[in-house]
1. Quick one: putting +1 on the C-beta of Lys and Arg, -1 on the C-beta of Asp and Glu, what dipole do you get for the chain around its Cα centre, in Debye to the nearest 20?
2. Would you please give the FRET efficiency between GLU82 and GLU149, computed as 1/(1 + (r/R0)^6) with r the Cβ-Cβ distance and R0 = 45 Å, to the nearest 0.05?
3. In what sequence, highest mean first, do 1-13, 189-201 appear when ranked by Cβ atoms within 10 angstrom?
4. Applying 1/(1 + (r/R0)^6) with R0 = 30 Å to the Cβ-Cβ distance of THR247 and ASN41, what FRET efficiency is obtained, to the nearest 0.05?
5. Which residue, HIS122, ALA153, TYR83, has the largest displacement toward the positive end of the dipole of the stretch 78-173 when charges sit on each Cβ (Lys, Arg +1; Asp, Glu -1)?
6. Can you compute the modelled spin-label distance between LEU50 and ASN190, with each label point 7 Å from Cα toward Cβ, in nm?
7. Let me spell out the model: positive unit charges on the Cβ of Lys and Arg, negative unit charges on the Cβ of Asp and Glu, origin at the Cα centre of the stretch 1-152. What dipole size does that give, in debye rounded to 20?
8. Show me 69-80, 203-214 ranked by packing, highest mean number of other Cβ atoms within 10 Å first.
Amino acid sequence: MFYFDYINGKKILKSDFINGSAEAFFTTRETVIKTKEPGMNGLVEENKNLICDFLKIKRENLVSPCQTHTSHIEITQAGKSEYTDTDGLILNNTEQAVFLNFADCTPVILYDRKQNLGAVIHAGWRGTAERISEKAVRKLREDFNTKPENITALIGPAISLCCYNVGDEVFEKLKETVSDFENLYEIRNNEKFVDLKNINARQLNEAGVTEIDVCPYCTSCDNDLFFSYRKENATTNRHSAVLKLNTSALAESNNLC
């Protein structure tokens, strides 16, 4: 279940599905760490410092890729901070934290609770159409021997079924990504509306992931909490999905059979 928590009095969104084994959360308007808006740089720098202090990492170890609506996924490397054309980062070290940025697209955090590693995924309609969440599970399985049944998935705030209307071409592409598209769309006044959050959840479920927490917040309806590209006329402000692995969880996972 999702709930609000605070870093130095500033609001973040967390899920009790991941509690203590890793730091996994979604920033809000109060904790924005990505923007191109004039006059926001001071707040962004302040929030980055707050988050780094909270995570107990150096600023250079707070890593974010250059997102370009692909389904390309990279594995982070300690000391490396630049990842071009990348919309998914797998984290397998405790030195860094990763964050990806959103303003309607779907944030997905994956966590392998047996091996203490995970990923953050940016799933807009293009990434969702290319099954980026499913690809992340497959890459974790192929590169790290992760078992899908050991993955916890958090699907964060995004534009929801109530507000996300799409054209016929996008609708058909998304429909092809799951075996059962039932309850993932609505047609209202001859317009097609889709549920990106639960399309990603169904892709994950079909890939073998069963522990999935889907956030109830819509970035358009709940625009006082999160940023919305559609509602705010192409704002460059972003909320973020953040993942940091804990050293204690790593020690525990090494002792698991």
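1. Details: 30 positive and 37 negative charges, 85 e Å.
The dipole of the chain has a size of about 400 debye.
2. 0.85
3. So the peptides 1-13, 189-201, ranked by packing, come out 189-201, 1-13.
4. Working: r = 32 Å, r/R0 = 1.07.
So, using R0 = 30 Å, E works out to roughly 0.40.
5. Farthest along the dipole direction, towards plus: ALA153.
6. Output for this residue pair reads 4.8 nm.
7. Numbers: 20 positive and 21 negative charges, 35 e Å.
Result for the stretch 1-152 is approximately 160 debye, rounded to the nearest 20.
8. By packing density, highest mean first, the sequence is 203-214, 69-80.
Computed from the coordinates by the stated procedures, all read-outs in this text should not be read as laboratory data. Quick caveat, the model's predicted, so the values are computed rather than measured. Cβ coordinates were reconstructed from backbone atoms using ideal geometry, including for glycine residues, and neighbour counts include every protein chain displayed.
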